[in-house]
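A.B. asks: One structure coming up, written as structure tokens, with questions to follow.
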Amino acid sequence: GEGLIPTPLPYGVESIGDCAFNGCDSLSSITIPNSVKSIGKGAFYGCKGLTSITIPNSVENIGDSAFNGCESLSSITIPNSVKSIGESTFYNCKGLTSITIPNSVENIENNAFRGCKSLTAITIPDSATSIGDEAFRECESLKSITISESVKSIGKSAFEGCKSLITITIPNSVK
């Protein structure tokens, strides 16, 4: 917890376990080595001071709530090796202004970006087939969203509370 000095993880580590850095308020940045294949559930949950994280292309799985409550995180790039953005992954990342979702992502799970109050625009890639319940709920600054023709389902309350959203086009692919 308190007073953790930012340091790179050693090469050779293949996974970051569930809740590994949960509540490490003083952790400000972390570099994940190319050997890591998975980030566990709640791995960085509540790391309020985290401003910078580099996720390498070796990462295939990001667990539910992995970055939940990382309020100081302003931008993040998800590598094109990730297939799903898990449930509540970026929930309450209030400082997140930009995020790149790669063409590898097939599912955006429930509450994935809920409460990302500073997020202004999002593009759902051509690979995505579903947007979960409340996925972008309470994204108050979200002005534009582009949903690809590959999306077949949009969950309940997916955009509830997105009071800045001006226009949205629901593609014909949505059932």
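A.B. asks: Count, please, the residues in the stretch 91-113 that happen to be open to solvent by 30 Å² or more (accessible area, probe 1.4 Å) and either outside any loop (DSSP other than H, G, I, E, B) or within 18 Å of Thr167 (Cβ to Cβ) (or both).
C.D. replies: Counting residues in the stretch 91-113 that are open to solvent by 30 Å² or more (accessible area, probe 1.4 Å) and either outside any loop (DSSP other than H, G, I, E, B) or within 18 Å of Thr167 (Cβ to Cβ) (or both) gives 3.
A.B. asks: Can you confirm whether Asp126 is assigned to a loop (DSSP other than H, G, I, E, B), of a type in the set (D, E, K, R) and closer than 18 Å to Gly42 by Cβ? Lay out the reasoning, then the answer.
C.D. replies: On the way: assigned to a loop (DSSP other than H, G, I, E, B): yes; of a type in the set (D, E, K, R): yes; closer than 18 Å to Gly42 by Cβ: no.
Judged against the criteria, Asp126 is not a match.
A.B. asks: Can you tell me which of Cys116, Cys70, Cys139 is part of a loop (DSSP other than H, G, I, E, B) and closer than 23 Å to Ile16 by Cα?
C.D. replies: Working: Cys116 fails: closer than 23 Å to Ile16 by Cα; Cys139 fails: closer than 23 Å to Ile16 by Cα.
That would be Cys70, the only listed residue that is part of a loop (DSSP other than H, G, I, E, B) and closer than 23 Å to Ile16 by Cα.
A.B. asks: Do you know which of the residues in the stretch 77-90 that are in a strand (DSSP E or B) and open to solvent by 10 Å² or more (accessible area, probe 1.4 Å) is modelled with the lowest pLDDT?
C.D. replies: Per the criteria, the residue is Thr77.
A.B. asks: OK, next. Could you please find all residues in the stretch 133-159 being of a type outside the set (S, T, N, Q) and surrounded by fewer than 14 Cβ atoms within 10 Å (Cβ to Cβ)? Even if it seems obvious, please write down each step before you answer.
C.D. replies: So the first thing to find is which residues in the stretch 133-159 are of a type outside the set (S, T, N, Q), and the list is 133-140, 142-143, 145, 147, 149, 151-152, 154-156, 158-159.
Those that are of a type outside the set (S, T, N, Q) and surrounded by fewer than 14 Cβ atoms within 10 Å (Cβ to Cβ): Glu149, Lys152, Lys156.
A.B. asks: Within 24 Å of Asp126 (Cβ to Cβ), open to solvent by less than 50 Å² (accessible area, probe 1.4 Å) and touching a Ser or Thr at 6+ places or on another chain (Cβ under 9 Å) - does that describe any residue in the stretch 44-57? Can you show your working first?
C.D. replies: Kept after step one, since they are within 24 Å of Asp126 (Cβ to Cβ), are these residues of the stretch 44-57: 55-57.
Right, trim to open to solvent by less than 50 Å² (accessible area, probe 1.4 Å) and you get 55-56.
When the remaining residues are screened for being touching a Ser or Thr at 6+ places or on another chain (Cβ under 9 Å), the result is 55-56.
Yes, the conditions are met somewhere in the stretch 44-57.
A.B. asks: Can you report the number of residues in the stretch 58-68 which are more than 11 Å from the chain's Cα centre (by Cα) and either crowded, with 19+ Cβ neighbours inside 10 Å or among the hydrophobic types (A, V, I, L, M, F, W, C) (or both)?
C.D. replies: The first filter runs over the stretch 58-68 and keeps only residues more than 11 Å from the chain's Cα centre (by Cα), leaving 58-61.
Now narrow it down to the ones that are either crowded, with 19+ Cβ neighbours inside 10 Å or among the hydrophobic types (A, V, I, L, M, F, W, C) (or both): 59.
Here the count works out to 1.
A.B. asks: Kindly evaluate Lys41 against the criterion of being charged (D, E, K, R), within 24 Å of Ser127 (Cα to Cα) and in contact with a strand residue (DSSP E or B) (Cβ under 9 Å, 6 or more places away or on another chain). Full working, then the answer.
C.D. replies: Working: charged (D, E, K, R): yes; within 24 Å of Ser127 (Cα to Cα): yes; in contact with a strand residue (DSSP E or B) (Cβ under 9 Å, 6 or more places away or on another chain): no.
So Lys41 fails the test.
A.B. asks: Taking into account only those residues within the stretch 30-43 that are open to solvent by 20 Å² or more (accessible area, probe 1.4 Å) and of a type in the set (Ser, Thr, Tyr), which is farthest from Asn107 (Cα to Cα)?
C.D. replies: Of the stretch 30-43, the ones open to solvent by 20 Å² or more (accessible area, probe 1.4 Å) are 31, 34, 37-38, 41.
Subset that is of a type in the set (Ser, Thr, Tyr): 31, 38.
Values: Thr31: 26, Ser38: 17 Å.
Filtering the stretch 30-43 for residues that are open to solvent by 20 Å² or more (accessible area, probe 1.4 Å) and of a type in the set (Ser, Thr, Tyr), the one farthest from Asn107 (Cα to Cα) comes out as Thr31.
A.B. asks: Would you tally the residues in the stretch 53-67 being closer than 16 Å to Asn22 by Cβ and part of a loop (DSSP other than H, G, I, E, B)?
C.D. replies: So in the stretch 53-67, the residues closer than 16 Å to Asn22 by Cβ come out as 53, 62-67.
Of the ones still in play, those that are also part of a loop (DSSP other than H, G, I, E, B) are 63-67.
Count: 5.
The values are calculated or read from the model by the stated rules, or taken from the named source; none is laboratory data. What you see is a predicted model, and the numbers here were worked out from it, not measured in a lab. Methodologically, a virtual Cβ is constructed for each residue, glycine included, from the backbone with ideal geometry; neighbour enumeration extends over all protein chains shown. For the accessible areas, the whole protein counts, side chains as well, though only heavy atoms, and no ligand, DNA or RNA atoms are used. Shrake-Rupley method; radii C 1.70, N 1.55, O 1.52, S 1.80 Å.
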